[in-house]
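Take a look at the structure set out below.
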Amino acid sequence: MKEGTLSRVQMVTVVALRVLIGWHFLYEGVSKLTADAWSAKGYLLQSRGPLAEVFRWMAADPERLATVDQLNMWGLTLIGLGLILGCFTRLASASGIVVILLFYLCNPPFVGYFYSIPAEGSYLIVNKNLVELAALAVILVTGSGRAAGLDRIIHGLLKKRDRPADS
Amino acid sequence: MAHDDEKDQDGGPGSGLGGKKLDRRDVLLGLSTVPALGLFGEAWRKQRQYDQAQKEAAAEDAPPPPADLEEINVALLGSGAQGQVLLDSMLRIPGLRFRAVCDIWTEYNQKRAVRILKKYKFDVNGYEDHREMLDKEKDLDAVVIATPDFWHAPHTVDCLEAGKHVYCEKEMSNTLEGAQRMVHAARETGKLLQIGHQRRSHPRYLHSYEKLLQEAQLLGRIVTVNGQWNRAVSPDLGWPERYTIPDARLKQYGFKSMPQFRNWRWYKGLGGGPIVDLGSHQIDIYNWFLGANPSHVIASGGLDYHDPATHEWYDTVMTVYEFETAKGPARAYYQTQTTNGSQGYYETFMGDQGTLVISESEAANSGSVYRDPNAPAWDEWVRRGYISAPKLQEQGQKDEDAVLDVRESVSPDEHRIPVVLRDPYHQPHLQNFFDAIRGTATLHCPPEVGYETAVTVLKVNEAIEAKERLSFRPEEFEV
Ligand SMILES: NC(=O)c1ccc[n+]([C@@H]2O[C@H](COP(=O)([O-])OP(=O)(O)OC[C@H]3O[C@@H](n4cnc5c(N)ncnc54)[C@H](O)[C@@H]3O)[C@@H](O)[C@H]2O)c1
């Protein structure tokens, strides 16, 4: 998609979407960071689907699990900050997509699968994870950080320095 | 990333052309979403306040500690999985001052416990050797022991002889000889010894025993009992490689290797396998609720599933005890297996007037009594709040086409036991121990009681080996 072709109202909408998703990530991150002892262990062990073995492997070894937990908590937090502030927006949204894809694949709502973790809705293949993932794809391709976000300032500063490289 | 961004768009709409210097508009738009972060911060602060208020409200339910509460100086001996659980409970009990942690896994379990206690502003010292701790920590009043079973006797005896009160985890000891030494040491020193069968202090078990069985006699005459602890297969316990204990130290404390140190409960001479580890909790309740020790036991068990290279004790045990109770004979079945966790753990007492199903868990089988149709009405006990009003058994579930036989008994009404434990499971039992030290309570599980349970439970392993029905002599339960 060629940027700069979005209308003002379209861009405002995308920025709002970005901030909302960022908020969600950030809270998921900080609430885990500040919990007494959060771990993805239970979630990983519950994994079903084609990649179940991979997720169980992540939880199998205490040290590996500790790393996965740290990556998860800090990843969510930093992605959240990036999205809200529009800072390294592309990196943040791309990483967000990867993270959500992992969540999705860990417990995918495929036909015939059911879970002992209670879900708050009814899903068939598409669940909220997948929708949030698609929304992040929109953020990724519209580069809204350049319109409203710290990327605009970062970009501006870089431009100043690398003027010859530009245009 | 900056480079990546370089290939990015030339700013959003209205941002002008690339190469333009930053202007006011760029800065404003650049910072335009920062307030959202402020909002987030504010919402988060509110949420934290709310959580905090909830916690404080929950804490207020407990009666405030009396102002003149005398502090008890406590040490934790063995800060593994269970030591940690006990510590979490003790941190909720007012009037304790932690002074020391002793654990041979200095670089891991000991460090963790010390760190937690320091966080709670306790000035604690860490020790590897319990005798060194007893030598140096002169002010200790009590030691809470959660080391592997084969260490219970030496640790308990040394602590008692050093003049400390002791809370020692179940199983009291892996040998009767060790358990006897513990009883003697408690008697000779006059110090308190509580054995960690925590159900003895659980309000739902106390309510069931005192109110439902003794006072209301809801079950009539108990003739059969059954119970189980089923546990799903779980991998052997591992450890972070960099915290491996040097061989010399393992040997010094009676362990052959790291895997054995971590999975001691499966090894002969160290633990007693699942029947002792899990079964002793519940078989202890059989003796208590039936008001008797068993007269005979038969048992079948084996290492049916797990790898014999790393497991010595039986992974599957089924056993039947025979009792002579004050009201007549009773038989009690118990099973434990570690290959399938279905139905978890519970105890069921069945009398000619009703059935009691109970467990320590708040999640499943937490506590119900079922009135047998021929029993006298229980309205009085419902009115007094001993049991809830009956919940009628579901009719709707039945298959329309299924044919019910007239000989089938009518299913009895279910009454819930209205007692919920909101504290961690071990807290009431620890509280009972500290209250007893202060002289305001008597121990719920003194060493003589722990000993009777040890005799009852350890005999199962013997019966499996002997492949025959073994009897208990009444004097076997005495020390
Ligand atoms: N009441 C309950 O519900 C319950 C539950 C679990 C365990 N337990 C009991 O608690 C005890 C400990 O079990 P766990 O699961 O915590 O085992 P664990 O292996 O996790 O912990 C044992 C700890 O004791 C330490 N240790 C071993 N030998 C020692 C010694 N000589 N001196 C000092 N420290 C030593 C080890 O380093 C380890 O940290 C056992 O007796 C077990 O039966 C009770």
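Observations, loosely collected:
- Helix A:8-34 axis versus longest C-alpha principal axis of chain A: approximately 40°, rounded to the nearest ten.
- Stretching B:Asp68 away from B:Ser295 to a fully extended chain increases their span by 76.9 nm, per 0.36 nm per residue minus the current alpha-carbon distance.
- Measuring only protein heavy atoms, the 1.4 Å probe finds B:Glu465 accessible over about 120 Å².
- Restricting region B:41-136 to trypsin sites (Lys or Arg not before Pro) that sit in a DSSP loop and have at most 15 other Cβ atoms within 10 Å of their own Cβ leaves B:Arg92, B:Lys121.
- Taking Lys and Arg as +1 and Asp and Glu as -1, the other residues whose beta-carbon sits under 12 Å from that of B:Gly126 total -1.
- The residue list B:Ala142, B:Thr189, B:Tyr346 was ranked by how far each Cα lies along the charge dipole of chain B toward its positive end, using unit charges on Cβ atoms, and B:Ala142 comes out on top.
- Net charge dipole, the protein assembly as shown: roughly 2740 debye, given to the nearest 20, about the Cα centre with Cβ charges of +1 for Lys and Arg and -1 for Asp and Glu.
- Net charge, B:Ile417 excluded, C-beta distance under 10 Å - Lys, Arg +1, Asp, Glu -1: +3
- Theoretical FRET efficiency, 1/(1+(r/R0)^6), r = Cβ-Cβ of B:Tyr253 and A:Val141, R0 45 Å, to 0.05: 0.15
- Accessible surface of the protein assembly as shown [probe 1.4 Å, protein heavy atoms]: carbon and sulfur percent: 56
- Accessible surface ranking that places the most exposed of A:Cys87, B:Cys159 first, with a 1.4 angstrom probe: A:Cys87, B:Cys159
- Qualifying GluC sites (Glu not before Pro) in region B:62-148, where qualification requires a DSSP coil assignment and no more than 16 other C-beta atoms within 10 Å, comprise B:Glu70, B:Glu71, B:Glu128.
- The gain in end-to-end length when the B:Thr440 to B:Leu91 segment is fully stretched comes to 123.6 nm, 0.36 nm per residue minus the alpha carbon separation.
- For B:Tyr120, the accessible area of its heavy atoms, probed at 1.4 Å with every protein chain present, is near 120 square angstrom.
- Accessible surface buried by the B/A pair amounts to about 3400 Å², both sides summed, 1.4 Å probe.
- Using a Förster distance of 30 Å, the FRET efficiency for B:Gln217-B:Arg48 (Cβ separation, nearest 0.05): 0.05
- Amide N proximity, region B:196-235 versus B:Glu362 label position 7 Å along Cα-to-Cβ, cut-off under 15 Å: B:202-205
- Low-density loop positions, trypsin sites (Lys or Arg not before Pro), region B:171-268 - DSSP coil, at most 15 other Cβ in 10 Å: B:Arg221, B:Lys256, B:Lys268
- Net charge dipole size for chain B [Lys, Arg +1 and Asp, Glu -1 on Cβ; Debye, nearest 20]: 1100
- Mean separation of Cα contacts under 8 Å, 6 or more apart, over the residue count of region B:311-388: relative contact order %: 17
- At an R0 of 56 angstrom, the distance between the Cβ atoms of B:Leu22 and B:Lys121 translates into a FRET efficiency of 0.65.
- Going by accessible surface with a 1.4 Å probe and the largest first, B:Val143, A:Val99 read A:Val99, B:Val143.
- Computed with a 1.4 Å probe on the full set of protein chains, the accessible area for A:Trp38 sits at about 70 Å².
- Shielding score for A:64-71, defined as the mean number of other chain Cβ atoms within 10 Å: 0
- Taking the C-alpha atoms only, the angle from helix A:62-85 to the longest principal axis of chain A is near 30 degrees.
- Placing +1 on the Cβ of every Lys and Arg and -1 on the Cβ of every Asp and Glu, with nothing else charged, gives region B:219-329 a dipole about its Cα centre of roughly 300 debye.
- Total formal charge among the other residues, if their Cβ is under 14 angstrom from that of A:Leu20, Lys/Arg +1 and Asp/Glu -1: 0
The values are calculated or read from the model by the stated rules, or taken from the named source; none is laboratory data. These numbers were taken from a predicted model, which means no experiment stands behind them. Virtual Cβ from ideal backbone geometry, glycine too; neighbours counted across all protein chains shown. Ligands, DNA and RNA are stripped out before the accessible areas are found, and what is left, the full protein with its side chains, is counted by its heavy atoms. Shrake-Rupley method; radii C 1.70, N 1.55, O 1.52, S 1.80 Å.
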